[in-house]
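Notes follow once the structure below has been shown.
Only the coordinates and a few stated rules stand behind these numbers; no lab work does. Everything numeric in this text was worked out from a predicted model, so none of it was measured. Here the Cβ is made from the backbone with ideal geometry for all residues, glycine too, and neighbour counts use every protein chain on show.
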Amino acid sequence: MSLTGLEFVAQEVPSDAPAVEGRSQWQLTWRRLRQDKVAMAALAVIAIMILLAIFAPVFVAITHHPPNIAYPLTGETEAGNPVPPGTAGFWLGTDGTGRDLFIRILYGARISLFVGFVTTAIGTLAGVAVGLIAGYFGGAVDLVLARFTDAALAFPYVVLALALAVVLGPSLPVIIGVISFFSWAAIARVVRGQTLSIKEKEYIEAARSLGAGPFRIMFIDILPNLLAPVLVLATLYIPTAIVFEATLSYLGLGIQPPTASWGDILADAQNFYSVAWWYIVFPAAALLITTLAFNLLGDGIRDAMDPRTERIFAGAAGRRRRGRLRRGALTGGVNFPNAAYVPPDHTANPPEI
Amino acid sequence: MALLGFMIRRILGGIVVVWLVATAAFLLFFARPVDIVAHQLAGRAATPDVINEVIRNLGLNQPIAVQYWHFLDNLVHGNLGFSYYTGESVNTMLKQDLPPTGSLVLGGVILWLIAGLTVGIISATKARSLFDRFSTVAVLIGLSMPVFVIGELLILVVFLPLNQHGFHWIQTGYSGPSQGLSSWVGHMILPWITLAAVQAAVYTRLSRGQLLDTLGEDYIRTARAKGLSERRVIFRHGVRAALTPVVSQLGVDVGQLLGGVVVTETVFGLGGIGETSVQAIYTDNLPVIIGFVIIAAAFVVLANIVVDLVYALLDPRVRIA
């Protein structure tokens, strides 16, 4: 009989005394998160953004404005400038070539969210693997991987992206590759640090003496303890990846026209500063709202996962406000989006670049 | 003396890093067939003879090892090569672009540190005050905002309205300090704010968190208990201990800063090294890009050495190691 089956049977046993319901860490986290109004609002905003991105074609059907079709007659003024919001069925106005700005922002959301999720997933998997291996095996493996991690954190990523864009030519896979390449290091650093301390625990020794191999210990025994900080880091990396993609596209190294991308829209908008405020304000707002929502959600999850949040400050009312004070406690003071910060131990080992 | 040995080790290590980056950058030359480059240079209607001539002139027909030797030899002599198109020395091009980039980095970093640390320290000492709440929100917005969006919004809501109403002090583009200090600041103030904004947000958060942790330590209570003034407790005992991790984070962030420089220069048309490199990408001008990559690597290495030195000065424990 499977373990799940056993639990099922156990729950079916009738009892006179009300059983104390066991709650997993995830259930507890979710319960705390649900009480966090800011985080729930952020979650709602993200859900709306995802829905808008998925159902972008529906809005095309409503407005009859496909994303890459220009409307020189209705979508441009006589001087050839974008028309303001609300004109001729263009809800948010048009862009520099007379295309529907609203539709293009929706299609831009598809790119941004896709790149954000995919690169974070790749970076998280790679970071966890590198961190576990470096932390568990230690020695020369750790030395090489930790140096490599430090180098990836310190390297000017825009500069490398510039070089790669020239050599490989800008395209979606190249962008995903470049962003993923920079996303693993911060997670690897935190996972390595945690692994270093967990692997010394008795239960790991017990597992080893029972004959468990290194990979079983790493992924079955150590990894589950790291899921909480990794989830927080991953949530907080998504906005960084979105900003990264937008920046590359803004510089012309990312998504290539005519495919809509927020960075590319904002780059084009620069030519119309004085005649079309909406051309800058709406895509900028879409970008800011999305990244802000992910940052707020990530902070909320971090607070919700921190067991001390409730133990130290009993009472849910002031919890979030107070929780902010110790933000970063769980992840060793990591401040995304940027680079992970874990105080380096300079006394033991002066940092190399 | 320990400090001297430490510095020598760091400098040697830094040279190795720059050499590795330069070699990687050199290999970029060969990631694509050379005749494509030659073809672009020679023009659409070029005959094979002309293309071969171009390849010979650029030295692209020699074995890679020979070219690598030339490249390293030039590099050691401080020569970064020549533009594919104009034949202009990359050194000269980058040197011309140095003043705007230097101005931007200098002012931006000063603004970023002053703003980040000041707000962080005030927030930590007045935790949960109105100022602290306000700055927490501002920090979150700053963290969520791409550099180029800040720049564009500043142009839209500051630069344009001011100039439309006859106030022309704030300008885009670049004007050197030799043409008048006021004009220089007028051209640089928006780029400085743009470059500093995101980093200031990161440092506000970091310094606030560090200082809050430090102020919870026992020795702070001891300092207060023996009757030191609050100012002395916070600055002599709190800030000094809280700042060391902030300083070591600086080294990591120099790389991020360079990315911000490229974007800021592009938004405001400053014509610095970063903008020139972006232009070089559109024209496939590899020598310029490689020059920029090497300069950037050297800058990051140098900045990290300086950060380590400052760290050693702040934290005596490092000096012993």
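Computed over the protein assembly as shown, the alpha-carbon pair-distance distribution with 10 angstrom bins reads 3, 13, 22, 26, 20, 11, 4, 1, 0, 0, each value a whole percent.
What the Cα atoms of segment A:18-100 give is an Rg and a Dmax of 22.0, 76 Å.
What FRET efficiency comes out for B:F167 versus B:Y282 if R0 is 30 angstrom and r is the Cβ-Cβ distance? Round to the nearest 0.05.
Numbers: r = 34 Å, r/R0 = 1.14.
That gives a FRET efficiency of 0.30.
Would you list A:L33, B:L106 from fewest to most Cβ contacts within 10 Å?
Details: A:L33 17, B:L106 12.
Ascending Cβ contact count within 10 Å gives the list B:L106, A:L33.
Restricting the calculation to Cα atoms, every distinct pair contributes to the Kirkwood radius of chain B, found to be 22.8 Å.
Across the options B:T276, B:A223, B:L243, the greatest Cα extent toward the positive end of the charge dipole of segment B:201-298 (unit charges at beta carbon of Lys, Arg, Asp, Glu) belongs to B:A223.
Cβ-Cβ distance of B:I114 and A:V144, R₀ of 51 Å, FRET efficiency by 1/(1 + (r/R0)^6): the value works out to about 0.85. For A:E76, no residue 5 or more places off, or on another chain, has a built amide H under 5 Å of its own. Take A:190-201, B:249-260, A:44-55 and order them by the average number of nearby Cβ atoms within 10 Å per residue, most first; the result is B:249-260, A:190-201, A:44-55.
Once C-alpha pairs closer than 8 Å and six or more residues apart are averaged by separation and normalised to the residue number of chain B, the relative contact order reads 26 percent.
Counting 0.36 nm for each residue step from A:F219 to A:A121 and taking away their Cα separation leaves a gain of 33.6 nm. Take the Cβ-Cβ distance between B:V247 and A:Y273 as r, set R0 to 35 Å, and report the resulting FRET efficiency rounded to the nearest 0.05. The value I calculate is 0.35.
Quick one: what do you get for segment A:175-292 if you divide its Cα Rg by 2.2 N^0.38 Å?
Here the answer is 1.60, to two decimals.
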